[in-house]
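Please treat every number below as a calculation from the coordinates, not as lab data. It should be emphasised that the depicted structure is a prediction, and the values quoted were computed from it without experimental measurement. Positions of Cβ are generated from backbone atoms using ideal geometry, with glycine treated the same way; all protein chains shown enter the neighbour counts.
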Amino acid sequence: MVLSAAITFAYASETTDWQKMIWLVLGGFLVTGASNGFNQIIERDTDLLMKRTASRPLPQLRLSVNQALIIAISFAISGVAILSYFINLTSGILGLAALLSYTFIYTPLKKVTPFAVFVGAFPGAVPPLLGWVAATGEIDIRASIVFGIQFIWQFPHFWAIAWKVDEDYQKAGFKMLPSPGGKDRSSAFQILIYSLTLIPVGLLPYIFNMSGINSALVVSICGVLFTWQALRLYKSCSDEDASKLMFASFVYLPIVQLALLIDKI
């Protein structure tokens, strides 16, 4: 998330202000850490039920709730203050909005409806928007485009992860896959649709003259390969193909964002 904000900051800047970049990275790190901290405080009991989270400090009583609150609140205040004072007020507001929506809307909603993934995609897509606002001081159509790419990317990315750990999520009562049937063809189809949507959305920077043909070619190739892996998951509905899609999602976003940055240079 912090890397995404930093790359977009450099991409949106006429001349990169490295001092401001450092404040952006530090503020973004603190806000992200606070969000994860509050999440682990709220979910400390359910974390104990899941294999992948059972060893976290709160479930294992290596850290008290009060200690965790002090850390999370300190990170939150420091992060928002840094973004607001050293960058601009809009950046601070975006950081605070992402933290609050992730902590108090997305986190409790996970036990209620798969729609939580849609809600969580908003704070998850704030980092590139934050990077753009930090560089330009405004939210415009270009800021919306970099936000949109990361917003759409999160659905196949997160659902691939949810597919892999579906059994763990069921133990905790989390409803994360889009289909009531869980790891079925309906979930795989929705993953495929969002992956396919990344192709035209990824080309918006070129369409709006934010980048050149070279990055458009890289983005298109990445989108096609990513969709191809989603299609494989749709055909097989296997954990193996979900793992491959998950790792493909880790690679897709930084390559696309770096391609846009390098094309500008």
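Hydropathy at least 0.5 by Kyte-Doolittle, axial extent at least 24 angstrom from the Cα trace: which helices of the chain, defined as entire DSSP H runs, fit?
Helix filter hits for the chain: 18-42, 65-82, 141-164, 185-202, 213-236, 239-264.
Calculate the all-directions average of the projected area of the chain's alpha-carbon convex hull, and give it in nm².
13.3
For the chain, build the charge dipole from Cβ charges (+1 Lys, Arg; -1 Asp, Glu) around the Cα centre, then report which of Leu196, Val126, Ile207 sits farthest towards its positive end.
Of the candidates, Leu196 comes out farthest on the positive side.
In deg cm²/dmol, rounded to 500, what helix-only [θ] at 222 nm does the chain give when every DSSP H run of at least 4 residues adds -39500 (n - 2.57) and the total is split over its residues?
-24000 deg cm²/dmol
Output the peptides 47-53, 32-38, 117-123 sorted from most to least packed, where packing is the average of other Cβ atoms within 10 Å over each peptide's residues.
32-38, 117-123, 47-53
Based on the alpha-carbon set only, what is the convex hull volume of the range 145-265 divided per residue, in Å³?
86
Plugging the Kirkwood radius over Cα pairs into Stokes-Einstein for the range 1-139, at a temperature of 4 °C and a viscosity of 1.567 mPa s, what D comes out in µm²/s?
Reported coefficient: 83 µm²/s.
Short version: ³J(HN,Hα) in whole Hz for each residue of the range 172-180, in order, from phi by Karplus 6.51 cos²θ - 1.76 cosθ + 1.60 (θ = phi - 60°), x for Gly and Pro, what are they?
Computed from phi, the couplings for the range 172-180 are 8, x, 7, 10, 10, 6, x, 9, x Hz.
Please give the charge dipole size of the chain, origin at the Cα centre, charges +1 on K and R Cβ atoms and -1 on D and E Cβ atoms. Round to the nearest 20 debye.
That gives a dipole near 520 debye.
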